[in-house]
Amino acid sequence: MRVMPVSDADLLTFGGQIRHRRQMSGRTYQALAADATISKSLLFDIESNNVAPSVFVAARIAKALGTTVDELLSPHIQTGVTPLPGEGNGIPSESVPAPADQE
């Protein structure tokens, strides 16, 4: 199995977390998809962040990976990488105060 490198930015996404955990477990798309009872193409789309899974699909993927949806949605806790606002991660730029020296 060819392991694609996962960047810190990719680890901040739900799909990136799934890809990382799948690769670390040594499983193929086909194996994880079968364990989660979803199609291989749906798993690929979720890992690529092209599709947001339903809560039920996310729960089946998490269970197949031996983790929880909460852990998959909170990657900065495991990676130590904190998402920056405005990087396509759903955190609006205006929600973070400007540094003191820029006010």
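Taking the number of Cβ atoms within 10 Å of each Cβ as an exposure proxy, the fewest-first ranking of Arg19, Arg27 is Arg27, Arg19.
Charge dipole (Cα centre; +1 on Lys/Arg Cβ, -1 on Asp/Glu Cβ; no other charges) of region 8-80 amounts to roughly 260 debye.
Read-outs: derived from the displayed coordinates by stated rules, not from any lab. Just so it is clear, the structure is predicted and the values come from calculations on it, not from any experiment. Cβ: placed from backbone, ideal geometry, glycine included. Neighbour counts: every protein chain shown.
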